[in-house]
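Single-structure report; data block below.
The values are calculated or read from the model by the stated rules, or taken from the named source; none is laboratory data. In this text, all values refer to a predicted model and were calculated from it rather than measured experimentally. Methodologically, a virtual Cβ is constructed for each residue, glycine included, from the backbone with ideal geometry; neighbour enumeration extends over all protein chains shown. Please note that ligands, DNA and RNA were not included when accessible areas were found on the heavy atoms of the full protein model with its side chains. Shrake-Rupley method; radii C 1.70, N 1.55, O 1.52, S 1.80 Å.
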Amino acid sequence: MRHLLQWSMCVLALLVVTPVMAQEAEPAKQGTVKAEDPRESLVRKIASELRCAVCQSQSVYDSNSGLAKDMLKVVRDKVHAGEQEDDIRRYFLERYGDYIYMEPVMNSRNMALWAGPFAALLFGAFGLWFAIRNWYNPNTKSASKADKNSDEATSGDMKSRIQKELDSIDM
Amino acid sequence: MGKLWKFILLGSIVLILVLMGLGLGRDTKKIPTALLEKPAPILRGPALAGTDTIDIADYKGKWILVNFWGSWCGACVGEHPELMRLDRLIKERDDFAVIGVDYKDTRRGAMAFLRRHGTPSYPMVFDPDQKVAIEWGIVRAPESYLVNPDGMIIKKEYGPLVRNWFNTVALPLIEAYNAKKKPGAS
């Protein structure tokens, strides 16, 4: 029991001391990191926004596929040649369409896709409101019409049928 | 429920079913090209065999089939007999040319592929780092583009060319183009 207690204390001490030591070591590590080449940061930005055409939801920057690596090389070459970010993005758009962007672009088709479900929801809510109003408000046109129809039915065939049934009962 | 509401409800259900049907029929691996009805991009590069430089501009005024392939691509083996047929056809027709682009490949691998399956006489560009393939928006092999005499891309083929491709796919497009270009045609 005493050994177990000693071991537990040691593990607890390690758990407390390790993060503290890591925090102390951090400033020294930060000091040795070199500032990133701004061109490389632009390459990363553009490539992270481009979709790897042969992968599942991975960007050109994150993917290890051959096509993504070669696309990254094209992006890097263009950035180093001094081409503008928008021109590089347009280069890929003109070849692969808007599929190549990780984020959907704002165009009429995409707007319809985004707004469609909300419009359908609104339409459904309106329909439901209209239906509920008809069910609970007998003064509405269609409700009174339904009642009138049912009265007519009752007064016609139904009444004679009820009478027939009553007559057939042996009192 | 009024007739109009029934019609709207039925219409909505039909619309949802049609959209679902369209979605199910769509091949998600097939990325629609943005190059259709646009001028063909630059195609200039070293020949697969020899030291020549091949340039699509040298074939201006002709119908050009640009075929992207690689020795690593299994479907390209199935497509090769059709390309060999087209190679025989271009010797009979002045208005039609084929340019092959061997991409993401090694010369050794490509030459071994051609030795095994037949070497066509049409020019082939060697594109090991896919620069030409990316320029043309290629995703997978084999893929092909048909370029008209005005230098416009009018058709993209995803996957291997179908059997008798020229007669079934290219010829109707060529005839439609010629009819449109004929003097007096609207």
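Observations, loosely collected:
- Bridgeable aspartates and glutamates around B:Lys60 (alpha carbons under 16 Å apart, same-chain partners fewer than 8 residues away excluded): B:Asp94, B:Asp95, B:Asp150.
- Using the Cβ-Cβ distance between B:Asn167 and A:Gln84 with R0 = 51 Å, the FRET efficiency computed as 1/(1 + (r/R0)^6) comes to roughly 0.65.
- Protein heavy-atom accessible surface, 1.4 Å probe, per residue over chain B: 56 Å².
- Residues of region B:80-106 buried by at least 10 Å² on assembly (accessible area, 1.4 Å probe, chain alone as reference): B:Lys104
- B:Trp72, A:Trp129, A:Trp135, B:Trp136, reordered so the largest accessible area comes first (probe 1.4 Å): A:Trp135, A:Trp129, B:Trp72, B:Trp136
- In a reduced charge model with +1 at each Lys and Arg Cβ and -1 at each Asp and Glu Cβ, region A:47-114 shows a dipole moment near 180 debye about its Cα centre.
- If you plug the beta carbon distance of B:Glu92 and B:Lys131 into 1/(1 + (r/R0)^6) with R0 = 25 Å, you get a FRET efficiency near 0.15.
- This model, with +1 at the C-beta of Lys and Arg and -1 at the C-beta of Asp and Glu, gives chain B a dipole about its Cα centre of some 620 debye.
- Each 5 Å bin from 0 upward holds the following percent of the Cα-Cα pairs of chain B: 1, 7, 14, 18, 18, 13, 8, 5, 5, 4, 3, 2, 2, 1, 0, 0.
- Counting protein heavy atoms only, region B:64-173 has 53 percent of its accessible area on carbon and sulfur, 1.4 angstrom probe.
- Accessible surface, region A:44-87, averaged per residue in Å² (probe 1.4 Å): 51
- The HN-Hα couplings worked out from phi for region B:14-22 by the Karplus form 6.51 cos²θ - 1.76 cosθ + 1.60 (θ = phi - 60°) are 4, 4, 4, 5, 5, 4, 4, x, 5 Hz, whole numbers, x standing for Gly and Pro.
- Extension gain from A:Asn64 to A:Glu40, taking 0.36 nm per residue of separation minus the Cα-Cα distance: 6.9 nm
- Contact residues in region A:55-75 (at least 30 Å² less accessible area with all protein chains than alone, 1.4 Å probe): A:Leu67, A:Asp70, A:Val74.
- Normalising the average separation of contacting C-alpha pairs (under 8 angstrom, six or more residues apart) by the number of residues puts the relative contact order of region B:84-186 at 19 percent.
- Members of region B:29-44 that become less accessible by 40 Å² or more once partner protein chains are added (1.4 angstrom probe, chain alone as reference): B:Ile31, B:Ala34
- For the chain pair A and B, the buried solvent-accessible surface (1.4 Å probe, both sides summed) amounts to about 1600 Å².
- In this structure, the amide hydrogen of A:Ser59, modeled 1.01 Å from its nitrogen in the peptide plane, lies closer than 5 angstrom to those of A:Cys52, counting only residues at least 5 positions away or on a different chain.
- Rounded, prolate or oblate (a/c below 1.5 giving rounded, otherwise prolate when a/b exceeds b/c) for region B:26-107 by Cα gyration tensor: rounded
- Once both labels are positioned 7 Å from their Cα atoms along Cα-to-Cβ, the gap between A:Asn107 and B:Tyr158 label points is 1.6 nm.
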